[in-house]
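Bear in mind these aren't lab numbers, they're just calculated from the coordinates by the rules spelled out. Remember, predicted model here, so these are calculated numbers, not experimental data. We place every Cβ from the backbone using ideal geometry, glycine too, and count neighbours over all the protein chains shown.
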């Protein structure tokens, strides 16, 4: 479904296609979830949902939720493990126009409480342990008035999901007349660079994402997908795919068991997979062929070059490894396939940054001067000359408009761009990505990432803006420095951090090795790293090297390095030195 050229009164909702597929192919499996465990130790996947069941049961739950008071516009926290109930609830909430609020449960409890306080939810839908935590820790206790328990409900009142579904049994299609600018969900960022922010998704953003994903990867109905990041499974029904929810802890992709992943892939004929770079690295290390996989999509951070190379060996000749670039606030922005990525490896290892491919045709990607200040209105003078590193900005159909209850953060991340009269129609459509209520303006999202555009129009990622190291000799960018040192065979990964006053920072390279080494061996590795760095002008001023036992990473993808934490550690380590 697309509303890019349609009437603003047309229903805009990613679940609208579900009824159509359920009518055409009622028996097709929409998703399978792991349930009981067989004698061989593998999950039986005995919790299937056909498209007909997903449609009828989500209608029943939607009707029951409405009777209970969870209606259009109501914000509802959802804390349910990847299961049939999670997906049924998400589709039910989308259908009735309620607003699911999703927060990663693995973040610090203080940050989680702050996120829920900011979201001001009217309802809390969760498993029993989530309700216990809600009561003990006071989550959303000032605004929450409606509780739904998935599983056993004890003393906290409200209703169980079983009761909700029973009260709506037999309900017909519950689709509300949601409009493009209606708020569809509040999705909190992973918080890898600070306290998570609630990204406001409107229905037009989800619909546009479906269109761009279909276009980028030429997705055809009937495929079988293994989405190792559960929220991405929500796109599958809109694309006509079957989802096989993996038997793993979705908050720990780096610890996934490759044997279980391969078992599911072989058992269900899975031909496509979505996973973070940490999950893909697990498959690469397992070193077992994936003859039936035609597409792997990996996002969340750059995929290491050696992992890309290994996956090319494991995939069939016609298999593709795609690494789309984007963020919770705007996805996808650009895409690149592994074959092209391998051709840019040498440039990356010499300090060019990581090539993330050409921007999607629907997106306008421009590079502006690096600044930590808010920019209210766009003007062409913001842009830097071609080939120069600056901040990446995107205007397009999936560029979100604001952070919920964070006006300061919104001001720092969003720029209003006035459009000419000829572009006004585009601004009022999904494709235009317009600001709510602004008929001749669109939003330009500042990615908070640094990069540059080459002569072929390809985008090169150079690191987070907040992670740049400002030395007296000039700035250093993480993704232009670290790949140079990552070429050392004993180095697993590195992290550049700055110590000291901004503008006079001392660059420090934190090092994580593949294996534990003695101090004498580390001294040898350090000397070798210094030689590697001295071969390039931009890394020649990196003189401080610190070995770390294991980098802190984000809880969502296990791939984004916690450089803020490392910078504090590095400062303490340097103070210990004579």
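Here are the numbers for this structure:
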quantity	calculated
Fraction of antiparallel bridges per DSSP, the range 332-463 only, in percent to nearest 5	95
Scattering curve values for the chain, log₁₀ I(q)/I(0), Debye with Cα scatterers, q = 0.09 Å⁻¹	-0.71
The range 439-483 pair-distance distribution - Cα-Cα, 5 Å bins, rounded %	5, 18, 20, 21, 15, 10, 6, 3, 2, 0
Rg followed by Dmax, in Å, when the range 199-239 is reduced to its Cα trace	10.7, 31
The chain - share of DSSP beta bridges that are antiparallel (%, nearest 5)	60
Among beta bridges that DSSP assigns inside the range 468-576, antiparallel share in %, nearest 5	75
Sequence-separation-based contact order of the chain, relative, with Cα cut under 8 Å and 6+ spacing, percent	11
Residue order, fewest to most beta carbons within 10 Å, for 236, 40	40, 236
Theoretical FRET efficiency, 1/(1+(r/R0)^6), r = Cβ-Cβ of residue 52 and residue 166, R0 22 Å, to 0.05	0.70
Where only alpha carbons of the range 468-576 are counted, the Rg and the Dmax (Å)	13.2, 36
Where only C-alpha atoms are counted, convex hull volume of the range 332-463 per residue in Å³	117
Length released on extending from residue 535 to residue 252, taking residue separation times 0.36 nm less the Cα-Cα span	98.2 nm
Kirkwood hydrodynamic radius of the range 322-361, Cα pairs, Å	10.6
Folded to 0 to 90 degrees: helix 519-534 orientation relative to the chain principal axis, Cα	80
Residue order, fewest to most surrounding Cβ atoms within 10 angstrom, among 445, 488, 379	379, 488, 445
Packing-based order for 238-247, 152-161, 99-108, using average beta carbon neighbours within 10 Å, highest first	238-247, 99-108, 152-161
Between helix 84-96 and the chain: long-axis angle, C-alpha atoms, 0 to 90°, nearest 10	70
Relative contact order computed over the range 1-145 (Cα-Cα under 8 Å; 6+ residues apart), in percent	19
Distance between the range 450-489 and the range 22-39 - C-alpha centres, whole angstrom	44
The range 269-384: Cα Rg divided by the 2.2 N^0.38 Å rule of thumb	1.24
In degrees, nearest ten, helix 51-68 long axis to first principal axis of the chain (Cα)	80
Rounded D (µm²/s) - the range 16-244, Kirkwood Rh over Cα pairs, Stokes-Einstein at 20 °C, 1.002 mPa s	118
Value at 222 nm in deg cm²/dmol, rounded to 500, when DSSP H runs of n ≥ 4 in the chain each add -39,500 (n - 2.57)	-9000 deg cm²/dmol
Global size of the range 196-282 as Cα Rg and Dmax, reported in angstrom	13.9, 39
Rel. contact order, % - alpha carbon contacts under 8 angstrom, at least six apart, the range 276-334	37
